[in-house]
Amino acid sequence: MRMLAVGPLAWVLACVGPPAPDAALCQDVLSRVCLARSCPGVSEQLGLGSQECFATLEARTGCGTEAFVLTEPSRERLLVCRQPLVRRSTDPGKAPTCGEMAEVVRDCPDLTAFLRGSAP
């Protein structure tokens, strides 16, 4: 019986630790958005054209440096907007569905503006 209680406890403790730096959180969002780039309208809405996705978004947002700090959108807002992108999987190599990406674009115009490199 004691062994059954250890499993859930180990899982909970695996989530304990310092929060990821803002730069890492931002880069995670960029990676997931780039994985969904083939979804209808994503490249157009983000103004990507034929440019390389991750490098372009990283240059626009500035989150390529370790010292990067989220201001607009805030860290809390980015976490809310990121939820659909990680809903099915926390694996950073797994693309969100086009529906999940559409949800982010629809519900987070401030994030879309941030990724476009423009003010919200």
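The values are calculated or read from the model by the stated rules, or taken from the named source; none is laboratory data. Computed from a predicted model, the values in this text were never measured in an experiment. Cβ placement follows ideal geometry from the backbone for every residue including glycine, while neighbour counts extend to all protein chains displayed. Just the protein is used for accessible areas: all its heavy atoms, side chains included, with ligands, DNA and RNA removed. Shrake-Rupley method; radii C 1.70, N 1.55, O 1.52, S 1.80 Å.
At-a-glance table
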{"quantity": "Accessible area in square angstrom per residue, segment 10-120, 1.4 angstrom probe", "calculated": "55 Å²"}
{"quantity": "Extended-chain gain in nm, criterion 0.36 nm per residue less alpha-carbon gap, S38 and E66", "calculated": "7.2 nm"}
{"quantity": "Separation in nanometres of the label points that stand 7 Å from Cα toward Cβ, at R75 and E52", "calculated": "3.0 nm"}
{"quantity": "Solvent-accessible surface (1.4 angstrom probe) belonging to V80, in square angstrom, nearest 10", "calculated": "80 Å²"}
{"quantity": "Neighbour-limited loop hits for trypsin sites (Lys or Arg not before Pro), segment 37-106 (at most 15 other Cβ within 10 Å; DSSP other than H, G, I, E, B)", "calculated": "R37, R87, R88, K94"}
{"quantity": "Calculated from backbone phi, Karplus (6.51, -1.76, 1.60) coupling profile of segment 91-97 in Hz, x at Gly/Pro", "calculated": "5, x, x, 9, 5, x, 6"}
